[in-house]
Structure formats: C-alpha cells, structure tokens
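The values are calculated or read from the model by the stated rules, or taken from the named source; none is laboratory data. All values reported here derive from a predicted model rather than from experimental measurement. With ideal geometry, Cβ positions are generated from the backbone for all residues, glycine too; neighbour counts draw on all protein chains shown. Quick note on the areas: whole protein, heavy atoms, side chains included, nothing else; ligands and nucleic acids left out. Shrake-Rupley method; radii C 1.70, N 1.55, O 1.52, S 1.80 Å.
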Amino acid sequence: MASRSCSNFFDLASGDLLDIPHTPRVLPRVMTVPGIISDVDGYGSTDGDSDVCHERKIIVANMLPLHAKRDAESGKWCFSLDEDSPYLQLKDGFPPETEVLYVGSLKVEIDATEQDEVAQKLLDDFKCVPTFLPHELQKKFYLGFCKQQLWPLFHYMLPMCPDHGDRFDRLVWQAYVSANKIFADKVMEIINPEDDCVWIHDYHLMVLPTFLRKRSTRIRLGFFLHSPFPSSEIYRTLPVRDEILRGLLNCDLIGFHTFDYARHFLSCCSRMLGLDYESKRGHIGLDYFGRTVYIKILPVGVHMGRLESVLNLASTSAKIKEIQEQFKGKKVILGVDDMDIFKGISLKLLALGQLLEHHTELQGKIVLVQIVNPARGSGKDVQEAKRETYLTARTINEVYGSPNYEPVILIDRHVPRWEKSAYYAVAECCIVNAVRDGMNLVPYKYIVCRQGTPDMDKAMGRKSDSPRTSMLVVSEFIGCSPSLSGAIRVNPWDIDAVAEALESAITMRDSEKQLRHEKHYRYVSSHDVAYWARSFMQDLERACKDHYIKRCWGIGLGLRFRVISLSYGFRKLSIEHIVSAYKRTNRRAIFLDYDGTIVPQNSIIKTPSPEVTSVLNVLCNDPKNTVFIVSGRGRDSLSEWFAPCEMLGIAAEHGYFLRWNQSSKWETSPVAADLDWKNIVEPVMRLYTEATDGSNIEIKESALVWHHQDADPDFGSCQSKELVDHLENVLANEPAIVNRGNLIVEVKPQGVSKGLAAEKVLSRMVHSGNAPDFVMCIGDDRSDEDMFESILSTVSSPSLPAAPEIFACTVGQKPSKAKYYLDDNTEVVKLLHGLATASSPKLRNLPHIQVSFESSV
C-alpha cells in the first residue's frame, strides 16, 4: 500500500464512527515541529483545498474494534463497529478532521483466499488494517505467550508448579516476536513516519516499538499498558525481561493507569538496565541513550455519550422496572466481572455469606446479583474458578435462602449493554473485589448509570432534580481505586473487612451517599475516554519535540536495537583525525579522568594496568606534552599507582591537590583552607551508612564521599536524595558544596573542581610562554563536564596568541558539553596508544596493546 497523510487516503470515508455526542473540551494546541504551531485543530487556513493534509493517528491493538460474522445467505463476511471498544471511542478525543486508522487482528479466522478482499473492504469502510496472523502463530502468540506467560505474571502469578501456570517456553516467545513483527509490517504499509502518530495498546505488543523504531528512528510512538505492571521482584523472573523493557523504551511516551504501575516499571528499568529517572517540569522522564522517554500516568475513562445513549433506550427503562419489581423490598448489590481467577468472585460471595451470618436482620432484605462475563481465556484455572463460584453461591443460597429468596443470583451468560445498564441503575451498591486488575471500568459505569439522564428520568417517572446516590466497595488492588476517593476500599483477601464494608455501604445515610456520588460523578464525567486520549496525544507531541533538533541513529542487533539521539555537533572521535592534529602541533595539554576513562568504572581492580602506565609514560616523556590525571581520588592512591610515570601531572581530589611531576611538591588549593565542616558531615554520613546496607564512606583529605553502589538500587537512590537534603541544611553556612553523582554523594570545599584545576594548568602554561596549541580532555561523568566547560572558556581567552585545537571527549554516548565521544575505556586506551605511537615511532614495532578491561555499561 502507498503511504499518505492526507484526508483523501484511499478515499476513506469521513465522518464520525459513533453517532453520539462528542465531548466539547479542547486541550491547547501543541507544537508538532519546533517553531511551527499545527493547524489541525481548526485554527488554520480554511481555503477549501481538498488536498490539504490533516493530522493522522494510527491505533494499534491486538484486536480491531469490529464485530464479524458470515451472512447466512450470501456466505460473505459482514462487519460492524464495536461501539463499546475504547479504541474506537478514543477517536472522540481528536479533532474532527483527524484521520484515525486501526491496525489489529479480527476475532474470526479468514480464509487465505478471502483475505485480500476482506482487507480492502475493511480499509475502505472502516479504516481498519487486519493483520491476518496464521492460525498456529495466533494460537502460540495469544493463548500461549500472552495468556499463559505475560498475563499471569503481570497479575503476580508465578508458575511455581505445573498446576499453576505454564513454564517459560522459548517457542511461544518466538511466536510473540513473530506476531509483533507482522503488526510492524502492516503499520509500515500505511504510515508516513514523518507526520503520523502511532499509539500502541497493551501487553500483546510490547516489542512492536523496537521493530517500528528500527524502520524509522524519528517515528512518533506512544504505548499504553492497560494491565498492571508487576513489581521488579515478580517481573525479573521473566527470562526475556530485558527485551521487553527495551521494546517499551523505544517509545517516546509510555502510559500507565496508576503511579504504582509506573513506579514498578521505573524500578525494573533501574535494577535491570541501570537507568535513572527524574521529574522534568512535572513530567517523569528516563534518559535512554540520549533520548528522553516520558512516563504518563492517567487512567482511562468511559465514554459518557455511549453510556447515556444506552440509558435512554426504551428497553433499558423497561428492564429497570422489571428488576425493581423482581427485587421489590430488597436492596440490590451488584457485581460485574469476567470469569477468571483474579476477579475475586468467590471471595466476594464468601464476604456476603459472612455478612448474612453476622447480621441476620439482613437476611431476606439484600441480594447480590453477580453478572459473569464470558472468560477471555481458557484453561484449568478458569474452570476451577467457575466451579468454585457456583459451589459457593449454591452453599450460600442453601444456608441463608428460602423458597422465595435467593441471596445470590448468578447470571452466567452474555448480557447486552442495555441490560447491564439497567442493573447498574437499580443497584444500591456495586462491589468490585478483584485481587488484581489493571483498571476495571465497572465502578465508572455504575456511577454514570446511577446518575441517569433526563430521558430516563422521564420514562421512570422520576423528578430530574431528585438526589442521586451510589455506593462503591472496591478492591485496593485495582487501577481505578486511587481515583475513587469516596469509595470504601477493601483488601479482598480479608473476608471480614469486605463484609463490614458491604454492611456500611447498604446502611449508610442517604445524605452521605449523595455526597460520595456527586464527588465521583464530577471526576468520571470530566475524565472520560476523550479526555484521556487528548491528554495522551498532547504529551506524545511534547515528548517528540526533540526529534528534529538532534541526530538519531540506530545501534544494536535484534531486540537489543535502540536509537542514539545526540546533538548535531556531537560525534565519535576518530583516532586518525586526532593523531593528525597531534602531529602538527608543538605544545600539547592532555587531561585524563581516571575511573571510567582509563580504567573500567565497574572493575574490582582499581589500579591501572601495565599497558596504561606504559602508554602514559611515552606521552609524558614527549617534551611537547603536558599530561595530567584529573581525578576525584586521593593523592596517596594516585601517587602509588602512577609511580612509574615520573613526568605525569596529577590533580587529586578534583584539583584540591595538584602536582606537576614526581619531583615537584604538592600544591594545595588556597580557596579551601577551612575544612572544619568535615566534623559536621562525617556523623551525618555515618547515620545513613548504618541505615543503608551496602553503603560506605570514603574519607579523603579534602572531601567525604558516601558510596551506595552495593546497596539496593531503589533504597540507595532514595537515601542519597535524603542525605543531600540533610547535608545542604546543616552546611548552609559552611564553605562546602554537596554533589550527588553516579551512586555517590560527595561533599567537597567550595571553589574546588576539575574545571578549576584544568584552568590552573592552562593558565600557568600560557604565563610561562608555552601556550598550548592542542588541548585534549577525556572524562566520563558529571564532574568532567566542568572540565569540558572550563577548557572551552579558557582557550577562547584573548591572552592566547592563537586558538588551539580542542578535543573535549566524553566516554559513552550521552548528552554532554563535549564535542566528541568514545564508546568505552577500551577505545580511550586505543586512542592513547595512537598518540603514543605518534610521539615515539619505535612503538610501531611493538605488538598492539591487548586491552583486557571489562566493558563498562
């Protein structure tokens, strides 16, 4: 298929997919390209040109929002829109002229000979692109990996034994990957990567972003997870955990229903990939190879227009009257759940039995109507849940019922929307008792139906200004719970507490029920599905604003593929390029960081290798060179480790101590003579060390460093933030500064930094008549950024006779003030070897240096 982004795409039909009112709220316009405000929201030119290109959204989900059946007479496939699908309803959150295309599978299997005809019909009539997964692939992908691996795991169920879930199967994982790739192929058939937005939904398609990002590094990708995301202790048991995390991180924006789910995802990224996150002007962002991946926390809502239109049906009003007559004199408690092991239906029934046992006066006066939706999966666990539900319901009815009274009414069949709405409208209380659920919109639907509509009021003979009430008992383990502050929250496993909650709900005063209902209705009506969709897309546009102001390129094979995003002036330092500049210059200044630059950051062995000291010796012995190690480490360690390098300069403890060579004396920074503040800092750090297992204190002559690299990542990070706040308070009037670095908190004197140390060396070279014409600086962390900045400002000073050639280089591909980068310390040593060879041609006859360092991640 050709790829276009205009309104006449394949002559697709325009118009609304739902014949129900649109929500009038409009979010502010956003910048789609830096400096250009998009006019797709109706504020642009209206010259009547039919070829004007409009904004287009591609919604990708496992299933298309369609119903399908064969016509009995013609044998042809007939399709209709599933108006209850949230993927269809979210269209109301976009401007009317926005084209919305859907990519997904059908709920029926289409013969290969009919697929082309069906695909064209779905595209022409419904703007849908079917994927047509082969039967065996679909079975392994959906029933295998999705339902037997991911879905139980995301709901905190581990396959501890064969009777409780399937063990990991590499074949069904391969089917999952293959299915995601087919989805990617279908998206690429219709997308214009420069203009269109792609919004991927749910756990079925978590590696799809990797395939799409591989095809286009600047594609605008959003993902929303509709299920829970488990804690890291659960998620880390998945053998393909890294591949799935990296897949999600290839998006620009990742959405979750609750902060708990987002927090678990961020914790997994921290513990398994070593990624940190921070809040950027109210938005949580993860730095991933120069790209910022944003996190969105907003629960999905219901479609108000759809619910209200169903309430206005005559069949709904008739069913309401029928239910009221059926349960006359009784209070109805309603439950609506899928039949699966996580919905807690049997726990709910046990709580009802407990309530009837302890409050005999309620026998004959309350009834629980439990609507059981058809199970979405199949297997032994579903059958066990169903058997237990029926057994519990029968027991309660036998013990507490009578010939004319059944406390539990089970409705185990397909219940149409209008009938469910009638039960919602009649129920005094709704209980959702799931032990784990992603969102669950049942409470929202219940609130809207209890509010009613003017037409329903008229049909029911009810005054439009009569007070509305509702009561909710909700599990604290479902996604909608945080947004329903007026509900009675329960632990579904605590049968007694659930029974007490039900008793409170049905005996509460009407005035309090009204206040709770009004609070809930205000939230549900203002945070509907349209608001959710608009808000998500607005944040996606914001997340993508840097796409065209940075250079992007892909690295990595297979599912380890990711995009590097860096400024246009940032590039890899070529050894040939710097050696050429090195040879044609006569006065050179070389500054090298230590940890993470010439030795691996994560290596247990901290001493430099013989190869490193040998190369440094060659560079130092070149009379044209001034070489300095600029490190945060103490002078004693550095002096001992570099004893073979007699001409090497050392700036220890970030430049507090400085020595030009072994024969010269140590110079101490004159700006930081007062170190009395160390007596304040050390006791505070000891408190945090005792409270944080795996942490330790490094005592330097001029500074104190609290390390937490061996502590729990989350707890260590939390403690480091607290320690920074604590130290900043107690040191408010002291000549010391507190810095939070990579797994450390350091307190050092004011006026001491690597940047100032480099400035001091360069200034002395200039004043001695040896102004440098070549400056190279290599480092890997935040403290080295000061050095890069200082060098760039110092060498631009008018005191220099000519501007030197500058090579500021960071280790690792990440945002930096440096102009160049090298991938790791191995490449740094290779570069130094190249310079050493230029200084001493005899090295050409020596074997190439064998670097045995561990790769720093």
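Values for this structure:
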| quantity | calculated |
| --- | --- |
| Dipole axis of the stretch 600-698 (+1 Lys, Arg; -1 Asp, Glu on Cβ), positive-most option in THR689, CYS620, SER639 | CYS620 |
| Heavy-atom accessible area per residue - the stretch 224-291, 1.4 Å, Å² | 33 Å² |
| Per-residue [θ]222 nm for the chain (sum of -39500 (n - 2.57) over DSSP H runs n ≥ 4, rounded to 500) | -11000 deg cm²/dmol |
| Carbon/sulfur fraction of accessible area - the chain, other protein chains in place, 1.4 Å, % | 51 percent |
| Solvent exposure of the stretch 715-777 as accessible area per residue, Å², 1.4 Å probe | 43 Å² |
| Size of electric dipole in the chain: Cβ of Lys, Arg +1 and of Asp, Glu -1, about Cα centre, debye, nearest 20 | 840 debye |
| Which labelled figure in (i) 1.06; (ii) 0.97; (iii) 1.29 is Rg/Rh (Cα atoms, Kirkwood Rh), once derived from the coordinates | (i) |
| Given charges at beta-carbon only (K, R positive; D, E negative), |dipole| of the stretch 327-397 in Debye | 280 debye |
| LYS572 long-range amide H proximity, modeled H, under 5 Å | TYR821 |
| Cross-link reach list, lysines versus LYS214, counting only Cα pairs under 19 Å and skipping chain neighbours closer than eight places | LYS181, LYS186, LYS550 |
| Cβ-Cβ FRET estimate between ARG551 and SER485, R0 fixed at 35 Å, reported to 0.05 | 0.15 |
| Residue-level accessible surface for LYS331, protein heavy atoms, 1.4 Å, Å² | 80 Å² |
| Separation of alpha-carbon centers, the stretch 53-127 and the stretch 286-337, rounded to whole Å | 23 Å |
| Taking the chain and dividing mean pair separation by its residue count, relative contact order in percent (alpha carbons under 8 Å, at least six apart) | 10 percent |
| Length gained when the stretch MET460-GLU97 is fully extended (0.36 nm per residue, less Cα-Cα span) | 126.8 nm |
| Over the stretch 716-787, relative contact order from alpha-carbon pairs under 8 Å, at least 6 apart, % | 25 percent |
| Pair LYS76, ASN733: separation of 7 Å Cα→Cβ label points (nm) | 8.8 nm |
| Segment SER535-GLU640, length gained on full extension (0.36 nm per residue, minus Cα span) | 31.9 nm |
| Dipole magnitude of the stretch 534-580, debye to nearest 20 (Cβ charges: Lys/Arg +1, Asp/Glu -1, about Cα centre) | 60 debye |
| Sequence-distant aspartates and glutamates (8 or more away, or on other chains) whose Cα lies within less than 14 Å of LYS748 | GLU653, ASP674, ASP676, GLU682, GLU698, GLU701, GLU728, GLU734 |
| Calculated FRET efficiency for the pair ASP823/LEU800, C-beta based, R₀ 45 Å, to 0.05 | 0.90 |
| Violating pairs (Cα-Cα greater than 32 angstrom) within the set LYS380/LYS513; LYS519/LYS721; LYS700/LYS814 | LYS380/LYS513; LYS519/LYS721 |
| Helical segments meeting 27 Å axial Cα length and Kyte-Doolittle -1.0 threshold in the chain (DSSP H) | 170-190 |
| Efficiency of FRET from Cβ geometry, GLU325 and MET160, R₀ 45 Å, rounded to 0.05 | 0.35 |
| Amide H contacts under 5 Å for ILE284, placed H, 5+ residues apart | ILE295 |
| Flagged links, alpha-carbon separation over 26 Å, of LYS280/LYS830; LYS606/LYS830; LYS280/LYS817 | LYS280/LYS830 |
| Inter-label distance for GLU576 and SER511, nm, one decimal - labels placed 7 Å from Cα along Cα-to-Cβ | 8.6 nm |
| Full-extension gain in nm, GLN383 to GLU233, via 0.36 nm per residue minus C-alpha separation | 51.1 nm |
| Proximal aspartates and glutamates to LYS463, defined as alpha-carbon separation beneath 12 angstrom and excluding residues fewer than eight positions away on the same chain | ASP455 |
| The stretch 495-593, accessible area per residue, ligands and nucleic acids excluded (1.4 Å, Å²) | 43 Å² |
